[in-house]
Amino acid sequence: MIKKLEIVYIVSSRYDDDGYVQRWTWGVVPSNTLAVIKSLARDMIDKKTLPNIEISLESYDDNIQKIPFEKIARQNLDPETKVVVGIVGVQSNQFPRASDIAMRFRQLGVNVMIGGFHVTGVLALFDELTPELQFLIDNGVTLVAGEAETPGTMEKLFTDAINGELQPIYRLPKAPDLTAAPLPKADPKYIDHFGARWATIDSSRGCPFGCTFCTVINIQGRKMRCRSAEAVIETVKLNCENGVPNFFFTDDNFARSAHWETIFDALGEMKKNGSPLNFMMQIDTQSSKIPNFVDKAVKAGCRMVFVGMESVNPENIAEAGKTQNKVEQYQSMVQTWQQVGVIVHVGYIIGFPKDTIDSVRRDVLFLRDHVGVDLASFFMLTPLPGSVDHFEMIKRGSPIDPDLNKYDSFHETFVHPLMKPGDWKIATQIAYAEFYSKEHCTKILKRLPKDHYWLMFWNLIWYRYSGVLSGTHPMMTGFFRRKDRLDRRPDMPREGVLRFAWRRVKDFLFDAGSYVKLFFEFQEIWFLTRRSAIVQEKAISSLVATEDAAIVDVKKIAVKLPYPYSLRRLTRIRHWAPLAQLKSCWDSLQQRVAEYNWRGQYDAAVQELKIQLKSTADKLRSMASLIRQDKHKAKELEVVAIEIDNYINEIDVAPADSTTLYKMQQFICEKLLARYEETSSSCVRLRRCANNWRIHAMENFKKGKILNSGIEFVKRSWVAPVDVFLSFRFFIAVFRKEL
């Protein structure tokens with residue numbers, strides 16, 4: 001007779017492209033499903049609805065923990081103990097790994113149940129079982145489709161398990177009432193496995209809109225179902241008391257919850273009374289128009305909103321059925337949130353039928369420079385099981401990739417009509433590289449309120465590392481990769497010890513190189529965006545960026561500056577006043593060019609940039625004539641003016657298109673504005689000089705010119721102490737959170 005029930009919940013990871021389980025020392029996003037399902041199990045335990053049964057509860061997150069298969073299975077050897085493993089929240093890209101975990105436990109004689117979006121989505125739209133689901137049923141795995149909040153559901157599942165009567169499939173009642181359902185409480189021990197201490201919570205489920213790529217509407221329904229506002233507020237208070245004041249409301253659309261105002265008012269009172277709570281939430285593009293929504297969200301502690309923007313191409317939006325999105329309203333929506341100090345993070349999909357490599361670059365520049373969002377997560381369009389897109393493709397017989405492991409929105413899973421294989425991935429990489437360029441990271445940090453500076457600083461580091469350097473999705477990765485030689489996909493050969501060791505060495509070298517690169521890049525970004533640098537830049541621009549800058553008394557300027565500035569450097573900046581003028585108008589100019597580019601008005605955009613370049617060249621010559629007594633400096637200004645003239649001549653014979661516009665902007669940033677930054681900040685100039693030397697030395701080393709590298713090192717002996725000094729200065733700033 002069974003007297004003890006051991007419930008083990010597992011969150012599955014996925015396999016990387018080499019077949020190894022993706023596992024990290026620290027994760028990024030805790031699993032909300034795990035928190036929800038554990039709260040339901042604890043509620044069942046507390047209410048003792050399974051009489052005469054002692055119940056224990058364990059959980060493992062495969063993304064950050066190694067699953068002890070044998071240890072769990074040994075508990076099942078006791079004839080009075082029943083072990084049941086539940087693999088929860090399984091999405092399509094996790095399904096192959098979840099299936100392998102299930103088969104391992106079945107081989108050890110343990111009962112296994114699998115639920116989540118993949119199982120629920122497939123069973124919601126298809127009458128017949130797909131091969132991967134049938135395989136699990138044939139091997140004694142139980143499938144659970146739906147949400148478990150309906151009273152009695154948990155008891156039914158585990159009573160059947162205890163009695164040896166588990167059914168192959170459980171189709172739970174659709175869209176259960178959430179009003180009285182227990183809310184997930186943060187587990188501090190679990191949260192310690194993540195890079196930031198934050199908890200997830202869903203106050204509602206469902207979404208009223210009809211996006212064809214989305215699985216939520218077919219799995220959780222289009223009618224909003226809400227938890228009790230009082231229970232949500234009480235849970236937030238409890239988590240804050242337990243040292244977890246940061247939250248992510250995982251509602252697919254928090255703005256459409258019937259209780260948003262009640263929740264915001266209560267959280268606002270907590271903030272007013274000194275609570276440290278902060279949160280981010282998912283909303284739609286029209287939510288900022290809801291009366292009082294933005295104002296109350298800010299008072300309640302909202303620091304970031306995640307908006308499903310998806311595309312800036314109206315044809316793509318129409319194709320996706322996202323009729324609520326209006327591109328012409330994007331900029332005002334973003335500004336509405338930014339004006340009250342809230343970071344705007346958008347979800348953006350690449351791979352709609354009208355997308356090409358060129359159009360993706362154009363649209364991302366529009367998103368970046370014209371719409372002006374703060375963060376962007378780029379996803380590759382994926383026909384997820386449970387979505388209308390997937391259902392229609394299957395019905396039409398369209399070829400799609402059979403490997404569910406690739407359904408992570410970062411792999412090509414079907415043939416794109418306008419991009420050949422491989423181009424789609426390149427377009428996504430371009431999107432990340434353009435959005436998270438050093439120039440744009442600097443621009444973002446400059447415009448942020450100081451309270452959000454360090455939050456955004458770390459976010460930008462992470463997104464630049466994940467999306468640009470390592471080519472992984474920032475939301476589906478973690479910190480410091482761990483690999484187990486034995487944890488590889490069963491259909492891939494197990495590597496020998498030496499081969500695997502060499503793989504890990506290469507992984508270590510790549511990561512180390514990436515971390516070093518980021519370290520130096522963000523030193524430079526910090527030097528450009530610290531508050532003193534911004535204030536100085538604005539003051540200097542207003543004082544010396546004039547036609548008569550050459551005759552301005554630098555001593556009078558220095559007195560008016562809010563921070564000490566050397567007269568020698570101020571004189572240099574005064575001489576480069578035309579570049580200061582260019583820099584002061586660059587953001588607005590970029591914004592206009594991005595709009596011209598997006599609308600296909602290439603001639604107008606090229607003409608505007610050419611006018612600006614010609615004006616800058618003329619002003620440089622004028623400045624050179626005013627300071628002709630300083631022959632060296634005058635000659636330097638003349639050289640730059642000639643360089644601009646030559647570039648304009650090249651542009652005159654080039655076609656007026658998106659590529660030409662992009663190259664013109666690169667020229668302005670890398671040749672002109674970079675020169676001004678190096679003139680105005682000695683730290684930036686030294687950092688760039690050291691970086692350039694290091695890159696040159698590494699290239700010589702790779703080419704086998706080791707002697708040349710050694711000679712260069714001796715010649716540039718100043719690089720090492722400069723690196724030490726700048727790095728120490730940066731470390732102090734990070735430690736103190738200095739602005």
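Data for the structure
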quantity	calculated
Unique residue being touching a Ser or Thr at 6+ places or on another chain (Cβ under 9 Å) and surrounded by fewer than 16 Cβ atoms within 10 Å (Cβ to Cβ) when the list is PHE510, PHE520	PHE510
Tally of residues being in contact with a strand residue (DSSP E or B) (Cβ under 6 Å, 6 or more places away or on another chain), part of a helix (DSSP H, G or I) and closer than 24 Å to ASP100 by Cα across the range 39-78	3
Residue check, ILE426 β-branched (Val, Ile, Thr), surrounded by fewer than 15 Cβ atoms within 10 Å (Cβ to Cβ) and out of contact with any His (no Cβ under 7 Å at 6 or more places or on another chain)	yes
One residue from ARG499, ARG464, ARG485, ARG494 being touching a residue at least 40 places away in the same chain (Cβ under 8 Å) and either farther than 21 Å from VAL28 by Cα or of a type in the set (D, E, K, R) (or both)	ARG464
Residue check, SER682 of a type in the set (Ser, Thr, Tyr), over 31 Å from the mean Cα position of the chain (by Cα), modelled with pLDDT under 90 and exposed (fewer than 14 other Cβ atoms within 10 Å of the Cβ)	yes
Test: residue in the range 187-202 that is surrounded by fewer than 19 Cβ atoms within 10 Å (Cβ to Cβ) and polar (S, T, N, Q)	no
Filter result for GLY274 (assigned to a loop (DSSP other than H, G, I, E, B) and touching a Pro at 6+ places or on another chain (Cβ under 7 Å))	no
Unmet requirement for PHE95, which otherwise passes all of (1) closer than 23 Å to GLY140 by Cα; (2) part of a loop (DSSP other than H, G, I, E, B)	(2)
Residue list for the range 166-212, restricted to those being among the charged types (D, E, K, R) and closer than 20 Å to GLY146 by Cα	ARG171, LYS174, ASP177, ASP202, ARG205
Selection from the range 207-258 of residues that are among the basic types (Lys, Arg) and surrounded by fewer than 22 Cβ atoms within 10 Å (Cβ to Cβ)	ARG222, LYS223, ARG225, LYS237, ARG256
Odd one out for VAL236, checked against (1) touching a Pro at 6+ places or on another chain (Cβ under 7 Å); (2) more than 30 Å from ARG361 (Cα to Cα)	(1)
Subset tally (residues that are in contact with a Phe, Trp or Tyr (Cβ under 9 Å, 6 or more places away or on another chain) and surrounded by 14 or more Cβ atoms within 10 Å (Cβ to Cβ)) for the range 314-324	7
Lone qualifier among ALA175, ALA161, ALA196 - being under 36 Å from the mean Cα position of the chain (by Cα) and either among the charged types (D, E, K, R) or over 30 Å from TRP26 (Cα atoms) (or both)	ALA175
Top-ranked residue in the range 369-388 [being in contact with a strand residue (DSSP E or B) (Cβ under 7 Å, 6 or more places away or on another chain) and of a type in the set (A, V, I, L, M, F, W, C); ranked as nearest to VAL334 (Cα to Cα)]	VAL373
Top-ranked residue of the range 444-489 - restricted to ones that are in contact with a helix residue (DSSP H, G or I) (Cβ under 6 Å, 6 or more places away or on another chain) and outside any helix (DSSP H, G or I), ranked as farthest from LEU365 (Cα to Cα)	ARG485
Conditions (1) part of a helix (DSSP H, G or I); (2) modelled with pLDDT of 80 or more: number failed by ARG694	(2)
Some residue of the range 298-307 being farther than 17 Å from ILE201 by Cβ and either in contact with a His (Cβ under 7 Å, 6 or more places away or on another chain) or crowded, with 22+ Cβ neighbours inside 10 Å (or both)	yes
Condition check for LYS48: over 33 Å from the mean Cα position of the chain (by Cα) and either of a type in the set (A, V, I, L, M, F, W, C) or at negative phi (or both)	no
Selected residue (criterion: farthest from GLN167 (Cα to Cα)) from residues of the range 69-87 that are surrounded by fewer than 24 Cβ atoms within 10 Å (Cβ to Cβ) and of a type in the set (Val, Ile, Thr)	ILE72
Qualifying residue in the range 387-398 (condition: crowded, with 22+ Cβ neighbours inside 10 Å and in contact with a helix residue (DSSP H, G or I) (Cβ under 6 Å, 6 or more places away or on another chain))	no
Selection from the range 124-155 of residues that are closer than 28 Å to ALA181 by Cβ, of a type in the set (Gly, Ala, Ser) and over 34 Å from the mean Cα position of the chain (by Cα)	GLY152
Residue satisfying condition, being assigned to a strand (DSSP E or B), touching a helix residue (DSSP H, G or I) at 6+ places or on another chain (Cβ under 7 Å) and touching a residue at least 24 places away in the same chain (Cβ under 8 Å), within set LEU136, LEU143, LEU183, LEU166	LEU143
Verdict on SER625 being touching a helix residue (DSSP H, G or I) at 6+ places or on another chain (Cβ under 7 Å) and among the hydroxyl-bearing types (Ser, Thr, Tyr)	no
Flag for GLY121 being outside any loop (DSSP other than H, G, I, E, B) and within 26 Å of the chain's Cα centre (by Cα)	yes
Every pair of residues 6+ apart whose Cβ atoms lie under 7 Å, when the first sits in the range 3-31 and is in a strand (DSSP E or B) and modelled with pLDDT under 90 while the second is surrounded by 23 or more Cβ atoms within 10 Å (Cβ to Cβ) and of a type in the set (Asp, Glu)	none
Complete set of residues in the range 607-633 that are aliphatic (A, V, I, L, M) and at pLDDT 85 or above	LEU609, ILE611, LEU613, ALA617, LEU620
Residue pairs meeting the criteria (Cβ under 7 Å; at least 6 apart or on separate chains; first more than 11 Å from LEU613 (Cβ to Cβ) and touching a residue at least 12 places away in the same chain (Cβ under 8 Å), in the range 628-654; second of a type in the set (D, E, K, R) and surrounded by 15 or more Cβ atoms within 10 Å (Cβ to Cβ))	GLU638/ARG621
Selection within the range 184-193 - of a type in the set (A, V, I, L, M, F, W, C) and at pLDDT 85 or above	ILE191
Every residue from the range 152-169 that is crowded, with 17+ Cβ neighbours inside 10 Å and touching a Ser or Thr at 6+ places or on another chain (Cβ under 7 Å)	LEU166
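The values are calculated or read from the model by the stated rules, or taken from the named source; none is laboratory data. What you see is a predicted model, and the numbers here were worked out from it, not measured in a lab. When we count neighbours, we look across all protein chains shown, and the Cβ atoms used for this are built from the backbone with ideal geometry, even at glycine.
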